[in-house]
There are 2 protein chains.
Amino acid sequence: MTARPKVRPGKRTNDPEGLRKRVLDVAEASFQARGYHASSLGDLMAAAGVTGGALHHHFPTKKALALAVIEERVAAAVETTWIAPVQAAGSTREGVRSVFEAVAAELEQQGFVRGCPLNNLAHELSLADPDFRTALAGIFSAWRQAIADKVRADQQAGREQDTDPQRFAALAVATYSGAMSMAKTTQDSAVLRDCLNALEQGVSSARAKRRRRVLRQYKAF
Amino acid sequence: MTARPKVRPGKRTNDPEGLRKRVLDVAEASFQARGYHASSLGDLMAAAGVTGGALHHHFPTKKALALAVIEERVAAAVETTWIAPVQAAGSTREGVRSVFEAVAAELEQQGFVRGCPLNNLAHELSLADPDFRTALAGIFSAWRQAIADKVRADQQAGREQDTDPQRFAALAVATYSGAMSMAKTTQDSAVLRDCLNALEQGVSSARAKRRRRVLRQYKAF
DNA sequence: TTATAAACAGACCGGTTGTCCTGTTTTGTT
DNA sequence: AACAAAACAGGACAACCGGTCTGTTTATAA
């Protein structure tokens, strides 16, 4: 009954990569759901099944852990859900539309809106620490760059001639970010579709109307 | 040198409204700059020059204080910087443009981007507590409603016939929210102007281009 | 005046937080 | 086998947090 050793010696197996991954998994989820300051290392350790010593060995401070989450997980999330689909799409507009719809569909089926990982941390940490801010700004930059590059690719194919690549990229990212912010607050993904529709209608109405006009003129002849 | 009484009796003057206002001022600023969880009541008490007893008398819990900040200050900020200017503008587009430019100009002159008060708290607190979420969602709703109403007013004046009021309102709020998020992260207000230009170009390009075309045709003759 | 409640002061407390430290076990190298 | 370094265990700790409590002062009303 006294001083029972919890772990009998000879049973431990070192797995630094696996342990690190487990900690990052838990931290990413907790930062996303509760935020950085509301996530205690104690909670993370319990959730990951990791002792204080192990955690400290891989991530000396809480800041180091958050920086790793940002650079390895948040950046990857933006890459997966936005950059890759846009690059793979037939056009910028198609790519943007597909992302909005994919995210909206995903939120609707899971019935819960956690918000955008990047924006969540950006709001909480941008002013808290310069290192956080720099890391987050880099992800925003890559995100915008990918969209702007896609617009330029469209332009070389003869499309989107009167679209400013950088401005459109900023608009797309801002619209998505803001829409996710509202979706998170209202816990309703409908605003995502509203924004997508308004974005598409407004942005492509010039072409659509000109085409319609041309058709009418042809008919008139 | 021993036990100097800090406050000699007979000098105190009760000023509940003033004290409450001071606390809200400090809390609003701190929540905006550092966030809710990163703002300790001790810091707020020191900054406001208020004792624990006084703070507790006006705001029993930290949550109650935050709720008061949201309902009284954040809502008022949205009203002042967005709703009133839009309602006073000659048209929805003019109102939106004027707000974007006013905010961008203000940020540029103060050389520092604190972000949108509503979005800052929305990201941190929406999932933390249902009461927070409800209060914040209400402000978003009023914000969108004001813009949608303005579009409807435009429509009754014969303008904006092919604009969906609710969708445009969602787009305007989302664009601003997302642009401010990026501006905060990059500490650069330029993205605000990018987004405004992209929004205006896309949304009004139909009309603008048609007009330019007409002018060129007149010149040709 | 006197009673009564509001407004405020200031200490106090249990719990939590992030970090550090010492020791033990495992792994890799020679 | 011998050794060093990495990987991990687990406790300790000082600082801090939010909330509570008791007591005193001020304002209000009878």
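Output the number of the condition that A:GLU17 fails; it satisfies all remaining conditions of (1) under 30 Å from A:ALA172 (Cβ atoms); (2) acidic (Asp, Glu); (3) open to solvent by 80 Å² or more (accessible area, probe 1.4 Å).
The failed condition is (1).
Checking the conditions here, which among B:GLU108, B:GLU79, B:GLU94, B:GLU124 is within 27 Å of A:ALA174 (Cβ to Cβ) and within 16 Å of DNA strand C (Cβ to nearest atom)? Break it down into steps so the answer makes sense when it comes.
Numbers: B:GLU108 fails: within 16 Å of DNA strand C (Cβ to nearest atom); B:GLU79 fails: within 16 Å of DNA strand C (Cβ to nearest atom); B:GLU94 fails: within 16 Å of DNA strand C (Cβ to nearest atom).
Result: B:GLU124 is the single residue among B:GLU108, B:GLU79, B:GLU94, B:GLU124 that is within 27 Å of A:ALA174 (Cβ to Cβ) and within 16 Å of DNA strand C (Cβ to nearest atom).
Starting from the range A:24-41, keep only residues that are within 14 Å of another protein chain (Cβ to nearest Cβ), then list their pairs with residues that are in a helix (DSSP H, G or I) and modelled with pLDDT under 95 whose Cβ atoms are within a distance under 8 Å, requiring at least 6 positions of separation or different chains.
none
Out of the residues in the range B:38-50 that are outside any helix (DSSP H, G or I) and within 10 Å of DNA strand D (Cβ to nearest atom), which is least open to solvent (accessible area, probe 1.4 Å)?
Among those that are outside any helix (DSSP H, G or I) and within 10 Å of DNA strand D (Cβ to nearest atom), it is B:SER39.
Answer yes or no as to whether A:LEU136 is at negative phi, facing chain B (nearest Cβ under 9 Å), assigned to a helix (DSSP H, G or I) and touching a residue at least 60 places away in the same chain (Cβ under 8 Å). Don't jump to the end; show me each part of the working.
Numbers: at negative phi: yes; facing chain B (nearest Cβ under 9 Å): yes; assigned to a helix (DSSP H, G or I): yes; touching a residue at least 60 places away in the same chain (Cβ under 8 Å): yes.
Answer is yes for this residue.
Can you list the helices (runs of 4 or more DSSP H) found entirely within the range A:72-131 that contain at least 1 residues being in contact with a Phe, Trp or Tyr (Cβ under 6 Å, 6 or more places away or on another chain), loosely packed, with under 14 Cβ neighbours inside 10 Å and in the same structural domain as A:SER177 (by TED's automatic domain parsing)?
Correct list: empty, since no element meets the threshold.
Give the range B:21-37 a look and list any residue that's touching a helix residue (DSSP H, G or I) at 6+ places or on another chain (Cβ under 8 Å) and open to solvent by less than 50 Å² (accessible area, probe 1.4 Å), or say none.
Passing the criteria: B:VAL23, B:LEU24, B:VAL26, B:ALA27, B:SER30, B:PHE31, B:GLN32, B:GLY35, B:TYR36.
Among the acidic types (Asp, Glu) and more than 16 Å from DNA strand C (Cβ to nearest atom) - does that describe any residue in the range A:19-35?
Yes, the range A:19-35 contains a residue that is among the acidic types (Asp, Glu) and more than 16 Å from DNA strand C (Cβ to nearest atom).
Applying the selection to the range A:145-169, what residues are polar (S, T, N, Q) and within 11 Å of chain B (Cβ to nearest Cβ)?
Narrowing the range A:145-169 to residues polar (S, T, N, Q): A:145, A:155-156, A:161, A:163, A:166.
Of everything in the range A:145-169, those that are polar (S, T, N, Q) and within 11 Å of chain B (Cβ to nearest Cβ) turn out to be A:THR163, A:GLN166.
Which residue is least open to solvent (accessible area, probe 1.4 Å), if the candidates are limited to the range A:170-199 and must be facing chain B (nearest Cβ under 7 Å) and of a type in the set (D, E, K, R)?
Top of the filtered list is A:LYS184.
Among the residues of the range B:51-71 satisfying the criterion of being more than 9 Å from DNA strand D (Cβ to nearest atom) and crowded, with 20+ Cβ neighbours inside 10 Å, which is farthest from B:LEU118 (Cα to Cα)?
B:ALA66
If the Cβ limit is 6 Å and pairs must be 6+ apart or interchain, which residue in the range B:56-85 that is more than 14 Å from chain A (Cβ to nearest Cβ) and among the β-branched types (Val, Ile, Thr) pairs with which residue that is away from DNA strand D (no atom under 16 Å from the Cβ) and assigned to a helix (DSSP H, G or I)?
Taking only residues 6 or more apart or on different chains, the pairs are B:ILE83/B:ALA146.
The values are calculated or read from the model by the stated rules, or taken from the named source; none is laboratory data. Please read these numbers as outputs of a predicted model, since none were measured by experiment. Using ideal geometry, Cβ is built from the backbone for each residue, glycine included, and neighbour counts are taken over all protein chains shown. SASA here: full protein model, heavy atoms, side chains in, ligands and nucleic acids out. Shrake-Rupley method; radii C 1.70, N 1.55, O 1.52, S 1.80 Å.
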